[in-house]
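Asker: Can you read through this structure? Questions will come right after.
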Amino acid sequence: MNLMMVLEMAAEGFGDRAVVGRRSDALTAARLRDLAAGGAAKVREAGADAIVYLAVNGPAFPVALFAASLAGVPLVPVNYRLGADQLGQLLANHPRALGIADPAQAEALTGAGLSTRTPHEWLAEAAANVPETIEAAETEAPAVIIYTSGTTSKPKGVVLRHENLASYVLETVEFASAGEDDAALMSVPPYHIAAVSNVLSNLYAGRRVLTLEAFTPQDWLSTVREEAVTNAMVVPTMLARVLGVEGDKSVPSLKSLAYGGAKMPLKVIERALGEWPHVDFVNAYGLTETSSTISVLGPDEHRAAVASSDDAVRARLESAGKVVPAIELEIRDEDGEVLPPGAAGRIWVRGNQVSSEYAGLGSSVDERGFFDTRDRGRLDEEGFLFIEGRIDDTIIRGAENIAPAEIEDVLLRHPDIEDAVVVGVPDEEWGQRIEAAVVPRPGSTVDSVALRQYVRERLRGSKTPDYIATWGELPRTPTGKILRRDVVRDLLGERAAR
């Protein structure tokens, strides 16, 4: 199986349909296939064993993805925000790669010995080298290698094989199901799994996909209107910023908005549902290791939760929905025993789209083929999945394990709090202290003593933060994940000054 199958089906099924880019210069499915063939020819000519992509999102990215697939080498999209040392260590893993980099990043690739071109040069080369025929390489090489964000540990290269990604697409998307005028707006960087999965799923559906090189809420809104965007994907911080724009926030063409990548604050999604009642909201939970989405909270569940007077049903608005049909999921305790509904533990998953493989480290599944996501969660009686955060984020205070997400949820319900994070910081007596940083809503002030009392009234005393700092913003990755190591470092710095 090769990902080129997706592009071949699109080119044969609706070759004249625009599938990549803005309406003014969009690539058709047939043209994308030609450019992929031209790019693959250049990869083979160079004797490259990978394509390293160190640039913002745009038409060059899907061309690189399919060129790599056709040439039988992996695409390695790299975080262009990495420091020089981290980037150098990563590039050392791919010394024979062909490089694609924005001008500002090109020196890093050439300095590592890679033959490098800009996205514009890459597209021009691909266009100038389209062969009459080219066969997909028969190889065991991965389709994509994505390096994890490393917010709690050193980044690892997640190996996604053709069968993993193809399985995700074939199991979740109906071929040619989109209308000819449908358009999807992507606002995540190319080194995020959502960028890869959205290229594949939108192409398979026949939907044009376009990107924002750099997100601003004003640009997002204007792009949705100008390009008549029908589908979009954002991370929670992006949605909050869009809703915070003064003035016109109308999005008449928008039919569906998917969100994920980090926890969505309840009041943000409630406001979005009220602001855009015509939009179908979808919460998608997944990991790089699972080739994207493994559970979904769909539009009907969103609306049912908001309309219900049943607290259990309303609570599902904070869930990740139900597991998709192709995935098996278990909640286990630390001894590996499967837990019943309502009990929280580790989330384990199994399915053809689950890679669980790391470059240089091999596979990471148990004897039954299940992968430990290292996320903590629980299932309710109806099968709705609730994510409680990373196992690595668990605070151990004395002998008690405390999930930061539980305390963060309480803080985020306070009317004066815009954003919040809870972490464990070293403590000689308890092992870890519970500390928090909050961002007030514009125009609001926060009394930390009163806020601690607010938490204490809703949770027991052992879960009340010992200290709450007020900050202007929280450190996050471009995909919305909080950089908890940075939070701990800064809170320790504040402690030293107290």
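The values are calculated or read from the model by the stated rules, or taken from the named source; none is laboratory data. Keep in mind that this is a model prediction, so the values were computed, not measured. In this analysis, Cβ positions are derived from the backbone assuming ideal geometry, glycine residues included, and neighbour counts consider all displayed protein chains.
Asker: May I ask you to verify whether Ala436 is crowded, with 18+ Cβ neighbours inside 10 Å, closer than 21 Å to Pro236 by Cβ and free of Cβ contacts under 8 Å to residues at least 40 places away in the same chain?
Answerer: So Ala436 passes the test.
Asker: Has region 462-477 got any residue that is closer than 30 Å to Pro189 by Cβ, in a loop (DSSP other than H, G, I, E, B), outside the structural domain of Ala214 (by TED's automatic domain parsing) and out of contact with any strand residue (DSSP E or B) (no Cβ under 9 Å at 6 or more places or on another chain)?
Answerer: Checked region 462-477: at least one residue is closer than 30 Å to Pro189 by Cβ, in a loop (DSSP other than H, G, I, E, B), outside the structural domain of Ala214 (by TED's automatic domain parsing) and out of contact with any strand residue (DSSP E or B) (no Cβ under 9 Å at 6 or more places or on another chain).
Asker: Right, something else. Would you please list the contacts, defined by Cβ atoms under 8 Å and residues six or more apart or on different chains, that run from a residue in region 383-400 that is farther than 14 Å from Ile434 by Cβ to a residue that is at pLDDT 85 or above and β-branched (Val, Ile, Thr)?
Answerer: Gly383/Val323; Leu385/Val323; Leu385/Ile347; Ile387/Ile347
Asker: Tell me whether region 453-471 contains one or more residues that are closer than 25 Å to Val242 by Cα and either touching a Pro at 6+ places or on another chain (Cβ under 6 Å) or crowded, with 18+ Cβ neighbours inside 10 Å (or both).
Answerer: No: zero hits.
Asker: While we're looking at this one, here's another question. Any idea which of Arg31, Arg23 is more than 23 Å from Ile145 (Cβ to Cβ), surrounded by fewer than 23 Cβ atoms within 10 Å (Cβ to Cβ), in the same structural domain as Val196 (by TED's automatic domain parsing) and within 27 Å of the chain's Cα centre (by Cα)?
Answerer: Unique residue meeting the criteria: Arg23.
For (1) modelled with pLDDT of 95 or more; (2) among the aliphatic types (A, V, I, L, M); (3) outside the structural domain of Glu163 (by TED's automatic domain parsing), each residue gets a yes or a no:
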residue	(1), (2), (3)
Val245	no, yes, no
Val251	yes, yes, no
Ala258	yes, yes, no
Arg271	no, no, no
Pro277	yes, no, no
Val282	yes, yes, no
Leu287	no, yes, no
Ser292	no, no, no
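Asker: Given (1) free of Cβ contacts under 8 Å to residues at least 60 places away in the same chain; (2) closer than 30 Å to Glu140 by Cα; (3) in contact with a Gly (Cβ under 9 Å, 6 or more places away or on another chain), identify the lone condition not met by Glu334.
Answerer: (2)
Asker: Going through region 431-461 one residue at a time, which ones are assigned to a strand (DSSP E or B) and at pLDDT 90 or above?
Answerer: Of everything in region 431-461, those that are assigned to a strand (DSSP E or B) and at pLDDT 90 or above turn out to be Ile434, Glu435, Ala436, Ala437, Val438, Val439, Pro440.
Asker: Please tell me if Ala305 is surrounded by 20 or more Cβ atoms within 10 Å (Cβ to Cβ), more than 25 Å from Asn164 (Cα to Cα) and of a type outside the set (D, E, K, R).
Answerer: Taking the combined requirement at face value, the residue satisfies it.
Asker: Please state which of the following conditions Tyr358 fails to meet, knowing it meets all the rest: (1) within 20 Å of the chain's Cα centre (by Cα); (2) within 28 Å of Glu301 (Cβ to Cβ); (3) surrounded by fewer than 20 Cβ atoms within 10 Å (Cβ to Cβ).
Answerer: (2)
Asker: I've got another one for you. Taking region 416-430 as the search range and keeping residues that are more than 20 Å from Pro265 (Cα to Cα) and crowded, with 17+ Cβ neighbours inside 10 Å, which one is modelled with the lowest pLDDT?
Answerer: Trp430
Asker: Select, from Pro142, Pro190, the only residue that is within 15 Å of the chain's Cα centre (by Cα) and within 21 Å of Ala97 (Cα to Cα).
Answerer: Answer to the selection: Pro190.
Asker: Could I ask something else about it? Based on what the data block shows, is Pro74 touching a residue at least 24 places away in the same chain (Cβ under 8 Å) and either within 29 Å of Asp219 (Cα to Cα) or not assigned by TED's automatic domain parsing to the domain that holds Val158 (or both)?
Answerer: Answer is no for this residue.
Asker: Sticking with this structure for a sec: Of everything in region 34-57, what is crowded, with 20+ Cβ neighbours inside 10 Å and in a loop (DSSP other than H, G, I, E, B)? Give them in sequence order.
Answerer: Scanning region 34-57 gives Ala48, Ala50, Ala55, Asn57.
Asker: For the structure I just gave you, tell me whether Asp486 is of a type in the set (Asp, Glu), closer than 30 Å to Pro190 by Cβ and touching a residue at least 24 places away in the same chain (Cβ under 8 Å).
Answerer: Criteria not met by Asp486.
Asker: Among the residues of region 333-373, what is the count of those that are more than 19 Å from Ser295 (Cα to Cα) and either of a type in the set (D, E, K, R) or touching a Pro at 6+ places or on another chain (Cβ under 9 Å) (or both)?
Answerer: 9
Asker: Would you mind finding the one in Leu91, Leu109, Leu123 that is touching a residue at least 40 places away in the same chain (Cβ under 8 Å) and buried (at least 22 other Cβ atoms within 10 Å of the Cβ)?
Answerer: The unique qualifying residue is Leu109.
Asker: Still on this model: Which numbered condition in (1) touching a residue at least 40 places away in the same chain (Cβ under 8 Å); (2) under 30 Å from Trp348 (Cα atoms); (3) not in a helix (DSSP H, G or I) is the only one that Asp409 fails?
Answerer: (3)
Asker: If a residue must be over 23 Å from Glu406 (Cα atoms), among the hydrophobic types (A, V, I, L, M, F, W, C) and part of a loop (DSSP other than H, G, I, E, B), how many such residues does region 341-368 contain?
Answerer: 3
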